[in-house]
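Encoded as structure tokens, the structure appears first; notes follow it.
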Amino acid sequence: MKKICVTLPPELVNELDTILKENGYHSRTNGIQKAIEDYIHKLKS
């Protein structure tokens, strides 16, 4: 896997953390990876 770095506003990170916890993700990495995969799939279809 390749590593990337992004900078996000604190409000967005807080919202992301809340959504990830509500959906059973144990790490940001897993949640962000899934979100990117879903986004790419959506753009391709």
(message) Where the second residue is β-branched (Val, Ile, Thr) and the first is within 14 Å of Val6 (Cβ to Cβ) and lies in the stretch 21-45, which pairs have Cβ atoms under 8 Å and are six or more apart or on separate chains?
(response) Gly31/Ile19
(message) Condition first: of a type in the set (Ser, Thr, Tyr) and either exposed (fewer than 11 other Cβ atoms within 10 Å of the Cβ) or in contact with a strand residue (DSSP E or B) (Cβ under 9 Å, 6 or more places away or on another chain) (or both). Now tell me which residues in the stretch 6-45 satisfy that.
(response) Thr7, Thr18, Ser27, Tyr39, Ser45
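Read-outs throughout are calculated quantities, based only on the coordinates presented, and are distinct from any laboratory measurement. Just so it is clear, the model here is predicted, and its values are computed rather than measured. Note that we place each Cβ from the backbone using ideal geometry, even for glycine, and neighbour counts take in every protein chain shown.
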